[in-house]
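The values are calculated or read from the model by the stated rules, or taken from the named source; none is laboratory data. Here the structure is a predicted model, which means the values were calculated and not measured. Ideal geometry is used to build each Cβ from the backbone, glycine not excepted, and the neighbour counts take in all protein chains shown.
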Amino acid sequence: MRRLLSIVSLVPLAACGASPQPAERASEPPRVAVERLVLTPVSVLAKARGADVLQGGVGSSLAVPDGRRGPFYFLSDRGPNVDLVEDDHKLFPVPGYAPAIAEYRWRDDGLVRVRRIALHWPDGRAISGLPAPEADGSASEVAFAPDGRRLPPDPNGLDPEGLVALPDGTFWVSDEYGPWLLHVASDGAVVERIGTRPGAARRLPAVLAARRPNRGMEGLARVPGTRTLAGLMQSPLDNPKSAGRASRATRLVLFDTDTAESRQLVYLLDAPETRITELAALSATRFLALEIDARIPGDPRAPSRCVRLYEIDLDGATDVGDPADAPAGRLFDGRTLEALSPDEMSASGVVPVRKRLLLDLLDPAVAYPYDKPEGLAVLGPRLVGVVNDDDFGIDADGRGGVTAKRTRDGRIMRNELWLLRLPQLAESR
């Protein structure tokens, strides 16, 4: 396992995107220690149209209940997949892949995987990562096998993206298809699935069903000392689509797992093209959030401009939930939340969560090389861990084929855990 350590001084950079109201900044450029650990061994899971599908894919989320001591729980993606030429058409090289939680522990000063906890239903049936029928929230994603056969939708398919590890050994997982919240036993069995379906005794707000395809509940954290989950939607809802694609307002949902009551707050993205990838709790009101544009840093064709770690504060933010739980959510003078500009939200009395920039991972001194950091955990008073989604080392070639996914310097994408020591966390706790 490769392990590298460096200490770098950061320099202020311009805000990513076109945000007219940039987030607060620390007055002094911080010094940060960066430690990198490659997680998975190089092995080939399958072949996909001539490309190697690598055994990895454990960077969708990270949960570390006992700080740096571990154990470290990494969440897999739904399985290897790449975009085909047609909109919302996906190639699944390994259709039978079962999403899982991978447990790692420290061994000989490194992290070693000790077990793989496959997600499954109580009767033992494995869970697939194939899209659900459109009525169940797939938003028209169509899956294909390597030989070109169209794969049937799976009503029980899941795309896990957020992970919380509880003290009793169970987990909460959020997914992008429903979105769903799933309570998972220590052996991987799903004991409860909570979605947006009308009539369910325990359900998420109905408006979340308008989530953009492949942009569901990406970040998940537990409010310390409570049974409340905080789930952050990756992008503004298609509510309606014409408004959502131009909006900066994504929703943070606070869901009480005892009472099933919920609140919704507004997180303003830096720009409509950026997205949320993870959430981690610092206190009952303060969280860390990763905001990115999902482009490869340094790519000459379309370089990344946003890979940022923010501290957000929920104190004073407005609950924009709808007591009537209508499909379009609460309206403001007849318009949806997503149709409002930030100024119009302010005029309507909507106060978003506050955000403060802690670390720009594109700072040349850090030079973060990955396009999709999706796992985030607080490991100590000044220490956070960030892990990337490696997409199983594959990418679309733009012509309906598959190619190796690489960083700008030509390395094939791998899961890599970065340990970042940030003095600001200690100062602000």
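Some points to look at:
- Scan the stretch 225-260 for residues that are over 18 Å from the mean Cα position of the chain (by Cα), at pLDDT 95 or above and not charged (D, E, K, R) and the total you get is 12.
- Residues of the stretch 163-215 that are more than 20 Å from the chain's Cα centre (by Cα), part of a loop (DSSP other than H, G, I, E, B), within 19 Å of P65 (Cβ to Cβ) and aliphatic (A, V, I, L, M): A185 alone.
- Filter result for P198 (in contact with a helix residue (DSSP H, G or I) (Cβ under 9 Å, 6 or more places away or on another chain) and modelled with pLDDT of 95 or more): no
- Residue within the stretch 94-111 that is over 28 Å from G157 (Cβ atoms) and under 23 Å from the mean Cα position of the chain (by Cα) present: yes
- Tally of residues being closer than 14 Å to L163 by Cα and assigned to a loop (DSSP other than H, G, I, E, B) across the stretch 216-229: 2
- Among the numbered conditions (1) under 22 Å from the mean Cα position of the chain (by Cα); (2) at pLDDT 90 or above; (3) among the acidic types (D, E), the only one that E141 does not meet is (2).
- Verdict on R263 being surrounded by fewer than 23 Cβ atoms within 10 Å (Cβ to Cβ), over 15 Å from the mean Cα position of the chain (by Cα), at pLDDT 95 or above and not aliphatic (A, V, I, L, M): yes
- Screening L279 with (1) within 19 Å of T226 (Cα to Cα); (2) surrounded by fewer than 23 Cβ atoms within 10 Å (Cβ to Cβ) gives one miss only, at (2).
- Only residues that are touching a Gly at 6+ places or on another chain (Cβ under 9 Å), more than 12 Å from L220 (Cβ to Cβ) and in contact (Cβ under 8 Å) with a residue 40 or more places away in the chain were counted across the stretch 152-185, and they come to 5.
- Complete set of residues in the stretch 315-368 that are β-branched (V, I, T) and over 30 Å from A33 (Cα atoms): T318, V320, T336, V350, V351
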